[in-house]
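Visitor: Pasting a structure here, questions to come.
The values are calculated or read from the model by the stated rules, or taken from the named source; none is laboratory data. Not measured: the values here are computed from a predicted model. Glycine gets a Cβ as well: all are built from the backbone with ideal geometry, and neighbour counts include every protein chain shown.
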Amino acid sequence: MRTDPAIGGNVLVIVYSRTGTGWRLAQLLGALHDWPVATIRDARPHERDGGAWRRLLDTWLLRRPAIVYDGPEPQGYDAVVLVSPTRLARLAAPMRSFIASRRGQLREVAFLSVCGACSPAPAAAEVTRLLGRTPLVSVALRHAEVEDGRFAEPLQAFGRAVARAAEALQGPLRKGRAALARAPATRAA
């Protein structure tokens with residue numbers, strides 16, 4: 001499914017996952033569609049300094065902690081899937097940091113959240129606010145769905161929706177790139 005970046009239609013999955021649930025979903029999504037998976041992690045691991053409390057405070061106070069991104073530059077992809085847990089009905093702070101620092105590099109975005117008992121709607125709204133636009137597709141899966149295996153069909157449907165959206169982008173992107181290739185070179189005065 002993944003195509004040459006010069007042609008368009010390629011998708012990158014970027015995940016922040018502390019417990020491994022989001023990582024599992026990102027890996028499955030990547031394997032289903034042959035999309036590469038990149039990771040975000042805290043630059044300062046929480047376990048050494050009051051871990052759970054700091055994570056909760058970072059999330060609740062809308063902090064943007066330092067992160068480490070391990071993956072290709074997202075601007076080389078037509079669409080990016082962001083996979084993140086929600087905490088206290090908010091976006092996990094490391095994903096908030098990533099979006100805020102790289103929003104200009106994200107052409108189109110789809111959002112997959114992993115949540116417990118809280119509503120995922122505030123986290124999706126936060127992604128929209130940080131991006132300055134609505135994601136192509138936004139879906140929330142509950143931890144319980146992932147643990148008991150009920151996530152397969154929703155994850156596949158999400159992947160298909162992202163793939164269709166990325167394929168729809170190919171036409172305009174291909175035309176724009178072709179026009180740039182044909183345009184005569186101009187020199188600055």
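Visitor: Please give the number of the condition Phe98 fails out of (1) modelled with pLDDT of 95 or more; (2) closer than 16 Å to Leu29 by Cβ.
Guide: (2)
Visitor: Taking the stretch 18-43 on its own, how many of its residues are modelled with pLDDT of 90 or more and part of a loop (DSSP other than H, G, I, E, B)?
Guide: Number of matching residues: 3.
Visitor: Pick from the stretch 82-95 the residues that are of a type in the set (Gly, Ala, Ser) and at pLDDT below 90: which of them is nearest to Arg24 (Cα to Cα)?
Guide: First, pick out the residues of the stretch 82-95 that are of a type in the set (Gly, Ala, Ser): 84, 89, 92-93.
Within this subset, residues satisfying the condition of being at pLDDT below 90 are 89, 92-93.
Numbers: Ala89: 21, Ala92: 17, Ala93: 20 Å.
This residue is Ala92.
Visitor: On to the next question. Using beta carbons and a limit of 6 Å, which pairs, at least six apart or on different chains, have the first residue in the stretch 82-98 and crowded, with 24+ Cβ neighbours inside 10 Å and the second one β-branched (Val, Ile, Thr) and part of a helix (DSSP H, G or I)?
Guide: Short answer, once both residue conditions are applied: Ala93/Thr59.
Visitor: What is the number of the single condition among (1) over 19 Å from Thr39 (Cα atoms); (2) of a type in the set (A, V, I, L, M); (3) modelled with pLDDT of 90 or more; (4) out of contact with any Asp or Glu (no Cβ under 6 Å at 6 or more places or on another chain) that Leu136 does not meet?
Guide: Leu136 satisfies all of (1) over 19 Å from Thr39 (Cα atoms); (2) of a type in the set (A, V, I, L, M); (3) modelled with pLDDT of 90 or more; (4) out of contact with any Asp or Glu (no Cβ under 6 Å at 6 or more places or on another chain) except (4).
Visitor: Moving on to the next point. Determine, yes or no, whether Val114 is β-branched (Val, Ile, Thr) and under 11 Å from the mean Cα position of the chain (by Cα).
Guide: On the way: β-branched (Val, Ile, Thr): yes; under 11 Å from the mean Cα position of the chain (by Cα): no.
When the stated conditions are applied, Val114 does not pass them.
Visitor: What are the residues in the stretch 139-173 that are surrounded by 15 or more Cβ atoms within 10 Å (Cβ to Cβ), acidic (Asp, Glu) and closer than 27 Å to Leu88 by Cβ, if any?
Guide: Glu145
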